[in-house]
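The values are calculated or read from the model by the stated rules, or taken from the named source; none is laboratory data. Note that the structure is a prediction, hence the values are computed from the model and not measured. A quick note on method: Cβ atoms are made from the backbone with ideal geometry, for glycine too, and the neighbour counts reach across all protein chains shown.
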There are 2 protein chains.
Amino acid sequence: MTTDLPARRAKLRDDLIAAAEAAIATGGLSALKARALAEAAGCAVGAIYNVFPDLDALIFTVNARTLERLDEVLASTVRPGTDPETAMRRLALAYHGFSRSERRRWTAVFAHQIPDGATPPDWYLGVVGRLFRHIEAPLAELLPGSTAETRAGLARTLFSATHGIVSLGLEEKLGPAPDEVIAGALVVMTRSWVLGLPGAVAPR
Amino acid sequence: MTTDLPARRAKLRDDLIAAAEAAIATGGLSALKARALAEAAGCAVGAIYNVFPDLDALIFTVNARTLERLDEVLASTVRPGTDPETAMRRLALAYHGFSRSERRRWTAVFAHQIPDGATPPDWYLGVVGRLFRHIEAPLAELLPGSTAETRAGLARTLFSATHGIVSLGLEEKLGPAPDEVIAGALVVMTRSWVLGLPGAVAPR
């Protein structure tokens, strides 16, 4: 064991992140308890707060890692030169696949509640924002006259719409939703965007 | 006070529903505790389970009332004879308005977690399912050759997509989202559906 203080802090930080990821993967966000984390990381409960200001900061760190994993999946989903409809359909289906296979980690990203009026830290929103570039690329091809600002807003809208279809589907909030029904909904939805968005964003 | 047993049970049921609605409206679903409910309704904790099998059943009852209120709002939003684009835009904006003004009650509808593998009761899914008729009506006009089954599936998809835009927006999960940005996203989204769905559901 190293006696170098920065190295020990870095190791404790890594151990706490690993313990939090394992707790979330097993029991979801509600399974995250300071005492159990400290035990898993082999430290005192108070030592957690030497490396994270509070549990929310630890949760944001874990959730950012989940989003970075999603980012890698989306990046490997679409080759350059793919037509916009195929690209958007593959991205939506990859999001569905990721949400399904990383179910508890992915749920934690959206279930994490911070106090009313608080906002996520900027570095975290930066990780979120980088995801949208995957959707902005096919939008640039689909909407050649659009501004970057328009595409950024649309990317967020399409991500949110896709998320709604995937999350209400996986959680079966509206009734039974087999995987092929969710996938079919995403195929129709992305096709309707490709056909409809050029006219929808055009000045009237 | 009546000594008629069925009437007393009915009154206790109403009182518990009112207490649960008040608790959710004030503090959200996490504020719902059996002890506090019993106190508010003036009964013993055990008496709750004479009228509801468990707290989940009480929560489903409260959430169904929220959905029925949403149903009334949506029903008053669109007059017969409204064109499909206007109808779908108004429905989406009305959903946003309702979610905003009934924030905690509306959040409880989607935050209510039941045990893995359990499904909501059929009567509750019936209340959910009735909401979709508001979207099915403009879809019938937009897609005259479509089957009722296609329209039912699409209504669920469009509801889910709208919900994703509204919920990630209101919760600011992707960064700041002022109301006019959410509303603008819904306007573009519904317009893209109206322009794109006829081609998206056509056989290829």
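Below, the figures for the structure above:
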{"read-out": "B:Gly199 vs. criteria out of contact with any Cys (no Cβ under 9 Å at 6 or more places or on another chain), at the interface with chain A (Cβ under 9 Å from one of its Cβ atoms) and of a type outside the set (S, T, N, Q)", "value": "yes"}
{"read-out": "Hits in segment A:100-111 - residues which are surrounded by fewer than 18 Cβ atoms within 10 Å (Cβ to Cβ) and within 11 Å of chain B (Cβ to nearest Cβ)", "value": "A:Arg103, A:Arg104, A:Phe110, A:Ala111"}
{"read-out": "Identity of the residue in segment B:177-192, in contact (Cβ under 8 Å) with a residue 24 or more places away in the chain and within 22 Å of the chain's Cα centre (by Cα), that ends up nearest to A:Leu139 (Cα to Cα)", "value": "B:Met189"}
{"read-out": "Within segment B:73-112, tally of residues that are within 30 Å of A:Gly27 (Cβ to Cβ), out of contact with any helix residue (DSSP H, G or I) (no Cβ under 6 Å at 6 or more places or on another chain) and not hydrophobic (A, V, I, L, M, F, W, C)", "value": "2"}
{"read-out": "Every residue from segment A:9-39 that is over 21 Å from the mean Cα position of the chain (by Cα), charged (D, E, K, R) and exposed (fewer than 15 other Cβ atoms within 10 Å of the Cβ)", "value": "A:Arg9, A:Lys33, A:Arg35, A:Glu39"}
{"read-out": "Out of B:Ala148, B:Ala140, sole residue that is surrounded by fewer than 16 Cβ atoms within 10 Å (Cβ to Cβ) and in contact with a Ser or Thr (Cβ under 9 Å, 6 or more places away or on another chain)", "value": "B:Ala140"}
{"read-out": "Odd one out for B:Leu168, checked against (1) touching a His at 6+ places or on another chain (Cβ under 7 Å); (2) more than 8 Å from every other protein chain (Cβ to nearest Cβ)", "value": "(2)"}
{"read-out": "Checking A:Gly117 against (1) under 23 Å from the mean Cα position of the chain (by Cα); (2) touching a residue at least 12 places away in the same chain (Cβ under 8 Å), the condition it does not meet", "value": "(2)"}
{"read-out": "Complete set of residues in segment A:112-131 that are over 24 Å from B:Phe110 (Cα atoms) and at the interface with chain B (Cβ under 10 Å from one of its Cβ atoms)", "value": "A:Asp122, A:Tyr124, A:Gly126, A:Gly129, A:Leu131"}
{"read-out": "Unmet requirement for A:Val181, which otherwise passes all of (1) surrounded by 20 or more Cβ atoms within 10 Å (Cβ to Cβ); (2) facing another protein chain (nearest Cβ under 8 Å); (3) β-branched (Val, Ile, Thr)", "value": "(1)"}
{"read-out": "Matching residues, segment B:113-135, being in contact with a helix residue (DSSP H, G or I) (Cβ under 7 Å, 6 or more places away or on another chain) and surrounded by fewer than 17 Cβ atoms within 10 Å (Cβ to Cβ)", "value": "B:Ile114, B:Pro121, B:Arg130"}
{"read-out": "Boolean, B:Ala47 is part of a helix (DSSP H, G or I) and under 27 Å from the mean Cα position of the chain (by Cα)", "value": "no"}
{"read-out": "Unmet criterion (only one of (1) more than 7 Å from chain A (Cβ to nearest Cβ); (2) under 30 Å from B:Ala57 (Cβ atoms)) for B:Ser160", "value": "(1)"}
{"read-out": "Out of A:Thr86, A:Thr119, sole residue that is farther than 18 Å from A:Leu168 by Cβ, polar (S, T, N, Q) and at pLDDT 95 or above", "value": "A:Thr86"}
{"read-out": "Counted residues, segment B:88-138 - those being within 18 Å of B:Val62 (Cβ to Cβ) and part of a helix (DSSP H, G or I)", "value": "21"}
{"read-out": "Any hit, segment B:158-174, residues being touching a Leu at 6+ places or on another chain (Cβ under 9 Å) and among the charged types (D, E, K, R)", "value": "no"}
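Yes/no per residue for (1) more than 7 Å from every other protein chain (Cβ to nearest Cβ); (2) under 21 Å from the mean Cα position of the chain (by Cα); (3) among the small types (Gly, Ala, Ser); (4) in a helix (DSSP H, G or I):
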{"residue": "B:Ala140", "(1), (2), (3), (4)": "yes, no, yes, yes"}
{"residue": "B:Ser146", "(1), (2), (3), (4)": "yes, no, yes, no"}
{"residue": "B:Gly164", "(1), (2), (3), (4)": "no, yes, yes, yes"}
{"residue": "B:Glu172", "(1), (2), (3), (4)": "no, yes, no, no"}
{"residue": "B:Gly175", "(1), (2), (3), (4)": "no, no, yes, no"}
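To keep it simple, each residue is scored yes or no on (1) touching a His at 6+ places or on another chain (Cβ under 9 Å); (2) surrounded by 15 or more Cβ atoms within 10 Å (Cβ to Cβ); (3) among the β-branched types (Val, Ile, Thr).
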residue	(1), (2), (3)
B:Ala41	no, yes, no
B:Gly46	no, no, no
B:Asn50	no, no, no
B:Thr61	no, yes, yes
B:Asp71	yes, yes, no
B:Thr77	yes, yes, yes
